[in-house]
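The next block holds one structure in the form of structure tokens; read it before the comments.
The values are calculated or read from the model by the stated rules, or taken from the named source; none is laboratory data. Keep in mind that this is a model prediction, so the values were computed, not measured. No Cβ is skipped: glycine too gets one built from the backbone with ideal geometry, and neighbour counts run over all protein chains shown. Side chains are part of the model used for accessible areas, which takes the heavy atoms of the whole protein and leaves out ligands, DNA and RNA. Shrake-Rupley method; radii C 1.70, N 1.55, O 1.52, S 1.80 Å.
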Amino acid sequence: DAGVHSKAWYAATCDRKTAEDALYRSNKDGSFLVRKSSGQDSRQPYTLVVFYNRKVYNIPIRLIESTRQYALGREKSGEERFDSVAEIVENHQCTPLVLIDSQNNTKDSTKLKHIVRVS
């Protein structure tokens with residue numbers, strides 16, 4: 001189960017809009033949660049939702065079938081792979097996560113700092 005179900009940052013029944021609203025309310029850079037992805041695609045089971053600089057980023061978490069590992073965003077060479085979604089979160093609580101704004105073509109980075117709970 002990717003190690004998500006017992007985690008405080010996992011919002012099991014949360015849709016995109018609810019997640020974004022919760023992060024905007026938190027209004028803290030580095031606020032985050034993980035939700036199930038909207039599309040029913042087994043190769044992209046979860047989405048990491050991050051708040052930074054008054055914007056919310058929805059970053060797909062991909063399942064790499066061949067290795068049963070997880071990676072963030074679109075596939076790229078030399079990407080980091082993790083054995084669980086929990087490992088992705090733990091890693092980016094220490095290592096900054098690159099946030100790409102595709103609309104403005106800008107890059108930022110932040111660590112995952114504040115768990116947002118969706119009530």
> So which GluC sites (Glu not before Pro) in segment 1-108 are both in a DSSP loop and have at most 11 other Cβ atoms within 10 Å of their Cβ?
Replying inline: GLU65, GLU75
> Relative contact order, percent, of segment 16-115 when contacts are C-alpha pairs under 8 Å separated by at least 6 residues?
Replying inline: 22 percent
>> Under the rule of at least 5 residues apart or a separate chain, name every residue whose amide H is placed under 5 Å from the amide H of TYR46.
In response: SER37, ILE61
> Roughly how many debye, to the nearest 20, is the charge dipole of segment 16-115 about its Cα centre, given +1 on each Lys and Arg Cβ, -1 on each Asp and Glu Cβ, and no other charges?
Replying inline: 300 debye
> Ignoring any ligand, DNA or RNA, what whole percent of the accessible area of the chain comes from carbon and sulfur when the probe is 1.4 angstrom?
Replying inline: 43 percent
>> Running a GNM on the chain with Cα contacts under 10 Å, which residue among ASP83, ASP29, ASP101 ends up with the highest mean-square fluctuation?
In response: ASP101
